[in-house]
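Quick notes on the structure that follows.
Read-outs throughout are calculated quantities, based only on the coordinates presented, and are distinct from any laboratory measurement. What you are looking at is a predicted structure, and each value in this text was computed from that prediction instead of being measured. Every residue, glycine as well, gets a Cβ built from its backbone with ideal geometry; the counts of neighbours run over all protein chains shown.
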Amino acid sequence: MNVFHAIESEVRSYCRAWPAVFDRAQGSWIHDEQGRAYLDFFTGAGSLNYGHNPPELKQALLRYLERDGIAHSLDMFTTAKRAFLERFEEVILRPRGLDYRVQFPGPAGANAVEAALKLARKVTGRKLVVSFTNAFHGMTLGALAACGNARTRATAGVPLPHHLVLRYDGSGDDRAAEQQLAAVLSGSAGERPAAVIVETVQGEGGVNVASAAWLRRLAELCERHRVLLIVDDVQMGCGRTGPFFSFEEAGITPDVVALSKSIGGYGLPMALTLFKSDLDVWAPGEHNGTFRGPNPSFVTATAALDFWAAGTMEKQTLAKGELVEELLARLCAGNAVLGAMHRGRGLVWGLTFDADHLAAAVCAAAFERGLLVETSGPRDEVVKLLPPLTATRDELAQGLDILADAVRACAVP
Ligand code: PLP
């Protein structure tokens, strides 16, 4: 028995699907200790949008460490934090006309969501938060309460009050769902909510894509009834769907935005809660946490913004997304007997089959063939593809070839 099995908790999960010991990584590739290379279309569940160890970020980090730059600073002023804030405002906020305050809530996505929910309740003086079926917002109690999946919520072990889960009707076709949403937000169905929290594309929930029209209607309803709109862009932000923020396509401006995962740029922990400046009702220290000043993350996050300064990132991602869509369409056409279907946006794609269990089998067969892809969805029924935004077209084609081969292997009775 190895040390992982001997002393690491049973709670471990990804290592069960991928029983290799990983050692180094570069770009789109991750290598195990035997020297085997895997193409990584998992990318730390969306934390490595710029690939593994991007050289420019690594150099910035090494320079910072070499000169004994501050590593930890709670929320003190540091040169690394100043550089990040200045660059974030210059490259991301100002060009988009976003008048957001920046809160550093602690490094995880769940921290960013907790801060967003607490702020919405403080601003409005209301308690109820609306979220959607199959939503995933994190594992701490507040964020967990906003998750849509009953099995996930049950892990809390205590009741999770003041939350209402409504149907995620991304296509916007369901009149009854829309009427229910309107009634809840207006308060005519009971208590008026403080906030609605939504993912524009549900990552963990199975790559469910909300239409721009539905997001606009949701934003209009929230504005009309003075309910705050929180977009959880933890997984879909930082360019995953094309633009830096996933809601840009819909032309909406959420009141509050949660970011984490790829904001640090290098896979280093970092999160942001952004909100319109008139919502900044926090008292000093009212929401805090020890790890709000991860300066090495600020350094790589600042360097990562150079990807956005050039102005080509969005276009390149959308073009690569078209390639992936075309290759997935071909894969699905060739596997019509399995009911293969695909859906997605930018560089997040999902592949489903008539039989739910096939997704896990395909992921396992892909791993054997040197490709990391994970399942998502409430029944693990979706193969989720999150290639690095920096993957080359050849790497994308190679990954899709491996995936097609894995599907073929699983199609054999
Ligand atoms: N929100 C979304 C949309 C996520 O996908 C995740 C994690 O997958 C989280 C929040 C929670 O982030 P973390 O695991 O860093 O707490």
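Brief remarks on what is shown
- Residues in segment 236-251 that are part of a loop (DSSP other than H, G, I, E, B) and in contact with a Lys or Arg (Cβ under 6 Å, 6 or more places away or on another chain): Thr241 only.
- Residues that are assigned to a loop (DSSP other than H, G, I, E, B) and within 16 Å of the ligand (Cβ to nearest atom), drawn from segment 211-235: Asp233, Val234, Gln235
- Those helices (runs of 4 or more DSSP H) of segment 284-358 in which at least 1 residues are under 22 Å from the mean Cα position of the chain (by Cα) and farther than 26 Å from Lys81 by Cβ, considering only elements entirely within it, cover 313-334.
- Where helices (runs of 4 or more DSSP H) sit wholly within segment 135-210, those with at least 2 residues that are more than 25 Å from Glu374 (Cβ to Cβ) and of a type in the set (D, E, K, R) occupy 175-186.
- For segment 254-274, the condition holds for at least one residue, the condition being that it is within 13 Å of the ligand (Cβ to nearest atom) and within 21 Å of Lys315 (Cα to Cα).
- Which numbered condition Arg153 fails, given (1) basic (Lys, Arg); (2) out of contact with any helix residue (DSSP H, G or I) (no Cβ under 7 Å at 6 or more places or on another chain); (3) within 16 Å of the ligand (Cβ to nearest atom): (2)
- So Val207, is it more than 10 Å from the ligand (Cβ to nearest atom), crowded, with 24+ Cβ neighbours inside 10 Å and closer than 26 Å to Leu389 by Cβ: yes
- Of Leu372, Leu323, Leu358, Leu318, all but one fail to be closer than 27 Å to Gly267 by Cβ, surrounded by 19 or more Cβ atoms within 10 Å (Cβ to Cβ) and hydrophobic (A, V, I, L, M, F, W, C); the exception is Leu372.
- Restricting segment 158-204 to residues that are within 16 Å of the ligand (Cβ to nearest atom) and of a type in the set (Ser, Thr, Tyr), the residue that is farthest from His137 (Cα to Cα): Tyr168
- When residues of segment 117-134 are limited to those that are of a type in the set (A, V, I, L, M, F, W, C) and either assigned to a helix (DSSP H, G or I) or within 18 Å of Leu272 (Cα to Cα) (or both), the one nearest to the ligand (Cβ to nearest atom): Leu117
- Within segment 361-373, not a single residue is within 18 Å of Tyr38 (Cβ to Cβ), among the charged types (D, E, K, R) and under 24 Å from the mean Cα position of the chain (by Cα).
- Segment 224-252 residues that are without any contact (Cβ under 8 Å) to a residue 24 or more places away in the chain, paired with ones that are away from the ligand (no atom under 15 Å from the Cβ) (beta carbon under 6 Å, 6 or more apart): none
- Among the conditions (1) within 16 Å of the ligand (Cβ to nearest atom); (2) free of Cβ contacts under 8 Å to residues at least 12 places away in the same chain, Ala110 misses just one, which is (2).
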